1. Residues with amide H under 5 Å of GLU90's amide H, sequence separation 5 or more or different chain, H placed in the peptide plane at 1.01 Å from N; which?
2. Of the residues ILE65, ILE188, ILE39, which exhibits the maximal mean-square fluctuation in a Gaussian network model of the chain defined by a 10 Å Cα contact cut-off?
3. With no solvent and one point per C-alpha, what does the Debye sum give as log10 I(q)/I(0) for segment 117-179 at q = 0.16, 0.20, 0.24 Å⁻¹?
4. Which lysines have a Cα less than 17 Å from the Cα of LYS45, not counting those fewer than 8 places away in the same chain?
5. Once phi is turned into ³J(HN,Hα) by the Karplus curve 6.51 cos²θ - 1.76 cosθ + 1.60 with θ = phi - 60°, what whole-Hz value does each residue of segment 106-117 show in order, with x for glycine and proline?
6. Identify which of VAL133, VAL69, VAL61 has the largest mean-square fluctuation in a Gaussian network model of the chain, with springs joining Cα atoms closer than 10 Å.
7. What are the lysines whose alpha-carbon lies under 18 Å from the alpha-carbon of LYS288, with same-chain residues fewer than 8 places away excluded?
8. So, counting K/R as plus one and D/E as minus one, what does the shell of residues with Cβ under 15 Å around PRO256 add up to?
Amino acid sequence: MKIAMLAQNHTLYSHKRLQEAAEARGHTLDMIKTLRCTIDIASHKPFVHYEGKRLEGYDAVIPRIGASVTFYGLAVLRQFEMMGVFPLNESVAIGRSRDKLRSMQLLARRGIGLPVTAFAHDPKQAGEVIDMVGGAPVVIKLLEGTQGIGVVLAETRNSAKSVIEAFRGANVNILVQEFIKEAGGSDIRCFVMGDRVIASMLRKGAEGDFRSNLHRGGSASTVKITSQERAAAVSAAKAMGLNVCGVDMLRANHGPVIMEINSSPGIEGLENATGIDVAGMIIQFIEKNAKQGKTRTKGTG
């Protein structure tokens, strides 16, 4: 097979591992810098150009689109879809997962466990929003934040109001969520592929930090998840329409609650913590599922 990977940074562990795994199974994987692609929007003849050459003959595309280039990255991925190339994750599904507000609404509609979450436009409604999620302490999140950046724990009502009013005064969109104290600064990352969880790990925040992201100095270890947690992770992935993703959840007293769904999850922490060949399993998934034109959206969603 001939596989394209859309990725800005070719030196990342996840990207190198995917290339190694593809080549080990006899495939060709070309790393393509997303922002260097040019889209040729012509009727009946959609093409992507890269460094002066037309990209063609690909069987599949792996979108590893960073949050900062989501808009252009999804445009390039849609073009591949219109060319009939099989995407590991479709553009519409990635777009859903990148919009924190939309993803929460989709999960809520499916009845999937979530922390109590509120959203408002007017900074004067800060008090009402805090009350909606059960009062302080509350977690305040930027809608566009990733890897724990733009996530604030406000421990008192006054500090929560100040942060909300500051963000909204600067016209920054935020979500306000209940603080799940019993999680103890840890969460579970479930790696979903198709209709099953292939690996999971427990992530613990650095000393004094309630965020558990590995990029923020957190640590990872193996964890055995419950059937309820497994079902929640798979249901969350299906709600987004993602074939492969990382689902982050907290263990609340009333069961698992979904915090975020990552459409381009890193695999370094997971492979190191579990010893599972995640990269190889991704390539095997592509081998099994990649067919010309096999997308639900056809790049038009």
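Derivation of every value follows stated rules applied to the coordinates shown; laboratory data play no part. None of the values given here were measured: they were computed from a predicted structure. All Cβ positions, glycine included, derive from the backbone under ideal geometry; neighbour counts span all protein chains shown.
1. ASN243
2. In the Gaussian network model the winner is ILE39.
3. Taking Cα atoms of segment 117-179 as identical point scatterers yields -0.40, -0.63, -0.93.
4. LYS53, LYS298
5. Couplings: 5, 5, 4, 5, 7, x, 7, x, 9, x, 4, 10 Hz.
6. Of VAL133, VAL69, VAL61, the most mobile in the Gaussian network model is VAL69.
7. Reachable lysines: LYS2.
8. Values: positive: ARG110, ARG189, ARG203, LYS224, ARG230, ARG251; negative: GLU178, GLU182, ASP187, GLU229, ASP248, GLU260.
Its environment carries a net charge of 0.
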